[in-house]
Amino acid sequence: SQKCCISLERERERLTYFVFGLAMSLSVGTKTGYKLFSVTSVDKLDCIYESETPDVYIVERLFSSSLVVVVSLSIPRRMNVYHFKKGTEICNYSYSNNILSVRLNRQRLVVCLEESVYIHNIKDMKLLKTLLNTPSNPSGLCALSINHSNSYLAYPGSSTIGEIIVYDANNLSTVTMIPAHDSPLAALTFNSSGTKLASASERGTVIRVFSIPEGQRLFEFRRGMKRYVSISSLSFSPDAQFLCASSNTETVHIFKLEQHGPSGEEECPTWGSYVGKMFSAASSYLPAQVSGVMSQERAFATVRLLVAGQRNVCTLATIQKLPRLLVASSDGQLFIYNVDPQDGGECVLEGVESEGSEVTVPVQACPSYAATVAIPTTGPVTTTLTGYSEDGGAKKGEVIPEHEFAAGPVCLDDENEFPPVSNQQLS
């Protein structure tokens with residue numbers, strides 16, 4: 001495999017936040033501001049916007065649109081929503097505690113605090129639902145499907161074991177609870193259609209994939225056996241045939257989501273498949289706990305990073321018509337690898353040197369905004385659950401009237417869309 005390394009920042013400071021979009025886009029936040037990049041080739045990054053807002057620790061862009069959400073360390077309880085092409089603020093909301101993460105798709109904007117989750121209608125930024133008294137979630141772990149027709153939200157259902165709550169952010173109702181792991185959750189991600197959910201626990205040894213909304217286990221992958229690691233990111237490929245996982249170690253794993261036929265035979269068996277069959281055959285003679293470990297699928301492909309221990313985020317995308325693995329690290333580098341979808345194997349670094357500096361930001365994968373516009377949506381049905389409130393005790397403020405927005409998909413380049421509105425205080 002071929003590697004390309006691109007420096008994200010030239011300032012000598014660590015990244016605070018980095019997020020991938022499937023457009024492909026990359027959002028980067030640092031102590032001196034944030035930048036939005038377009039990734040259209042393996043040779044360079046095109047910087048499409050730069051802001052000097054200081055101490056940004058969350059910056060999320062709505063696909064390839066002009067809407068960007070920013071949270072700064074100077075006011076960690078306030079979320080600012082901007083139209084960056086116009087240089088105008090759409091609105092801002094203040095919450096009772098520090099904002100830990102923000103997720104958004106074409107229908108919903110989700111704000112996660114340590115013990116509550118706020119769900120907004122992205123069309124007019126109205127607060128639709130507050131999930132109160134959620135289990136302690138100090139990392140703000142949550143995932144929102146980028147497919148607004150299957151607008152599912154996943155977040156921890158326990159602070160002591162790996163339970164996942166799947167919530168329908170369109171219809172505002174709980175869908176299911178998945179007992180995914182014995183240890184607390186560390187990572188969650190949906191595939192692009194919102195029909196699969198991948199998870200990893202704090203142990204970091206096993207990654208599981210579940211069907212959504214049913215919550216049935218589809219795949220189980222073993223990242224390693226010798227040591228526990230901290231999984232920093234999970235990401236499906238656009239076609240959901242592959243899943244990549246990065247951690248605080250030097251290895252990024254790529255797993256292949258293969259459904260074997262009734263006979264267990266593959267059309268083009270690989271060396272990895274033969275090894276898998278050998279383990280499966282041997283596992284029938286071993287104790288249940290051991291056989292469970294041996295029957296788990298191993299990595300289809302791997303990448304060896306130059307440095308271990310740095311925070312990083314990975315994603316799988318198609319760039320210049322070829323499948324690629326992208327890894328953005330907290331030292332300000334973006335690595336792009338070619339992926340062999342047939343044979344997999346180890347992706348070999350070719351020693352391309354990078355210049356630049358250290359940076360601080362997370363990375364997330366999303367499809368282009370234009371690709372989602374034509375998908376029809378279903379009308380929301382509000383359901384009130386125990387411990388939840390419709391407004392979360394929000395103090396009433398001026399809100400954009402509904403008639404000021406077009407009935408169709410939001411067009412953020414339209415001069416009439418998202419005029420500035422008054423501040424909102426949420427308690």
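The values are calculated or read from the model by the stated rules, or taken from the named source; none is laboratory data. Predicted model only: the values in this text are computed from it and were never measured. Note that we place each Cβ from the backbone using ideal geometry, even for glycine, and neighbour counts take in every protein chain shown. For accessibility, only protein heavy atoms count, side chains too; no ligands or nucleic acids. Shrake-Rupley method; radii C 1.70, N 1.55, O 1.52, S 1.80 Å.
Report yes if residue 146 is aliphatic (A, V, I, L, M), in contact (Cβ under 8 Å) with a residue 40 or more places away in the chain and not in a strand (DSSP E or B), otherwise no.
Yes; evaluated as a whole, the condition is true for this residue.
Take residue 89 and tell me if it is over 20 Å from the mean Cα position of the chain (by Cα) and assigned to a strand (DSSP E or B).
Here the answer is yes, as residue 89 does meet what is asked.
Please count how many residues of the range 212-241 are open to solvent by 40 Å² or more (accessible area, probe 1.4 Å), modelled with pLDDT of 95 or more and of a type in the set (Asp, Glu).
1
Which members of the range 31-84 meet the condition of being closer than 30 Å to residue 323 by Cα, open to solvent by 20 Å² or more (accessible area, probe 1.4 Å) and assigned to a loop (DSSP other than H, G, I, E, B)?
Residues satisfying the conditions are 40, 42, 43, 44, 45, 64.
Restricted to the range 195-211, and to residues that are over 11 Å from residue 181 (Cα atoms) and open to solvent by 10 Å² or more (accessible area, probe 1.4 Å), which residue is farthest from the chain's Cα centre (by Cα)?
In this case the residue turns out to be 211.
Would you mind stating whether residue 88 is among the β-branched types (Val, Ile, Thr) and open to solvent by 30 Å² or more (accessible area, probe 1.4 Å)?
yes
Scan the range 288-309 and tell me whether some residue there is at pLDDT below 50 and open to solvent by 80 Å² or more (accessible area, probe 1.4 Å).
yes
Given 136, 96, which one is touching a Ser or Thr at 6+ places or on another chain (Cβ under 9 Å), without any contact (Cβ under 8 Å) to a residue 40 or more places away in the chain and of a type in the set (Gly, Ala, Ser)?
Just a single option satisfies the conditions, and that option is 136.
Matching residues to (1) among the charged types (D, E, K, R); (2) buried (at least 22 other Cβ atoms within 10 Å of the Cβ); (3) more than 19 Å from residue 234 (Cβ to Cβ):
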| site | (1), (2), (3) |
| --- | --- |
| 103 | yes, yes, no |
| 123 | yes, no, yes |
| 132 | no, no, yes |
| 136 | no, no, yes |
| 173 | no, no, yes |
| 184 | no, no, no |
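Which of the residues spanning the range 311-333 are in a loop (DSSP other than H, G, I, E, B) and surrounded by 19 or more Cβ atoms within 10 Å (Cβ to Cβ)?
Within the range 311-333, 311, 330, 331, 332 meet the criteria.
If residue 159 passes every condition in (1) in contact with a strand residue (DSSP E or B) (Cβ under 9 Å, 6 or more places away or on another chain); (2) in a loop (DSSP other than H, G, I, E, B) but one, which one does it miss?
Every listed condition holds for residue 159 apart from (1).
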